[in-house]
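First up is the structure itself, then whatever we jot down about it.
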Amino acid sequence: MNQDLNAKFAVGEALTFSPGEGGLTRAVIQTPACRAEVYLHGGHITRWQPAGHDEVLWLSQRANFLYDMPIRGGIPICFPWFAGNKPADRPNAPSHGYARTQNWQVADTRHTGQGVGIILATTIEDYGLTYHAEFGEALHLSLTVTNNADQPQTFEEALHTYFTVSQIKGIQVTGLEGAEYLHTVGGANTLHTQGDTPLTFDQETDRVYRSDAAVMLHDPGLGRDIHIIKGDSQSTVVWNPWMDKAAAMSDFGDDEWPGMVCIESGNITPHAVKLQANESHTMTTTIRVENCT
Ligand code: BG6
């Protein structure tokens, strides 16, 4: 399989296919601009390290690499619902939907201005999904969903990005000031408004912000700012499980929670996307790293 993929889609030495963890097929990207990895399982980016910077994405040391399980870390794709917002008639359906355990197909690869790009595709029920990732000194992601049904359909989506941080208590997230958010810790479902100060962390945090604004993750401990710029994304999720919830997850190391934060571009109720038959919708995210003091 990797041979066939390499014959058809390798981009010189810049993008090649090989077995990754658990024997799952991954594309390995190595260019002067960055190193990265993307698994066909889940269309899941597990690594992106732009030149001159440390690894940007967080990946649990306890992550599963199994064909029927999601990978803990990197950038899982949540679709066609977010978290537990599954249809009422499917109580046993998985958290965050089916995309993150789906085997995605390679549709195309190519050189881009500053790196390489890969286009992955899959179908989930009556939806067609195309995921375009461009790996360079910035990471550009674009998820297009097409409604292949002959009636309207509504979905939720998120690029559930896990970032490595120096220490959760020492970081700040800016760009969400004044935004409404749904606070969901411990099963709560209450609406709040972010004050005019940056978001900081001193406890379990699980919030769905109603915001399309660009966000910055300021991490003085690692000496870097991570800029997250969104297109057609009306929701931003911010999550850190803190100690007890991390300990309860079998694929999350007990001591790992201080070193990560999720900042997720999405469209989540009340901003779920309704598509008419044959209509498409594209959500984009660009991630860029800058040194800071
Ligand atoms: C976050 C949600 O996006 O994902 C959390 O806001 C959830 O509520 C977390 O716990 C992890 O979900 P999962 O299904 O990967 O364990």
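Each reported figure results from applying straightforward, stated rules to the coordinates on display, with no laboratory input. Because the structure is predicted, anything quoted here is derived from the model rather than measured. All Cβ positions, glycine included, derive from the backbone under ideal geometry; neighbour counts span all protein chains shown.
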Is there any pair with a first residue in region 53-65 that is closer than 10 Å to Glu256 by Cα and a second that is among the hydroxyl-bearing types (Ser, Thr, Tyr) and surrounded by 20 or more Cβ atoms within 10 Å (Cβ to Cβ) whose Cβ atoms are under 7 Å apart and which are 6 or more apart or on different chains, and what are they? Trp58/Tyr162; Leu59/Thr46
Sort out which residues of region 51-64 are more than 17 Å from Ser250 (Cα to Cα), in a loop (DSSP other than H, G, I, E, B) and of a type outside the set (Val, Ile, Thr), and write them in order of number. Ala51, Gly52, His53, Asp54, Glu55
Single unsatisfied condition, Glu279 versus (1) surrounded by fewer than 17 Cβ atoms within 10 Å (Cβ to Cβ); (2) among the charged types (D, E, K, R); (3) within 16 Å of the ligand (Cβ to nearest atom); (4) touching a residue at least 40 places away in the same chain (Cβ under 8 Å): (3)
Please determine, by comparing only the residues of region 96-135 that are acidic (Asp, Glu) and within 14 Å of Thr146 (Cβ to Cβ), which one is surrounded by the fewest Cβ atoms within 10 Å (Cβ to Cβ). Glu125
Do you know which of the residues in region 65-80 that are away from the ligand (no atom under 11 Å from the Cβ) and in a loop (DSSP other than H, G, I, E, B) is nearest to Ser233 (Cα to Cα)? Pro80
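Out of all the residues in region 101-108, is one or more in contact with a helix residue (DSSP H, G or I) (Cβ under 8 Å, 6 or more places away or on another chain) and within 17 Å of Thr25 (Cβ to Cβ)?
Checked against the condition, which is being in contact with a helix residue (DSSP H, G or I) (Cβ under 8 Å, 6 or more places away or on another chain) and within 17 Å of Thr25 (Cβ to Cβ), region 101-108 yields at least one hit.
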Subset of region 242-264 (residues that are within 11 Å of the ligand (Cβ to nearest atom), surrounded by 18 or more Cβ atoms within 10 Å (Cβ to Cβ) and in a loop (DSSP other than H, G, I, E, B)): Phe252
Report, by residue number, each residue of region 169-186 that is within 16 Å of the ligand (Cβ to nearest atom), more than 14 Å from Ser235 (Cα to Cα) and of a type in the set (A, V, I, L, M, F, W, C). Val173, Val185
Looking at this structure, is Ala93 without any contact (Cβ under 8 Å) to a residue 24 or more places away in the chain, closer than 30 Å to Asn189 by Cα, part of a loop (DSSP other than H, G, I, E, B) and away from the ligand (no atom under 16 Å from the Cβ)? no
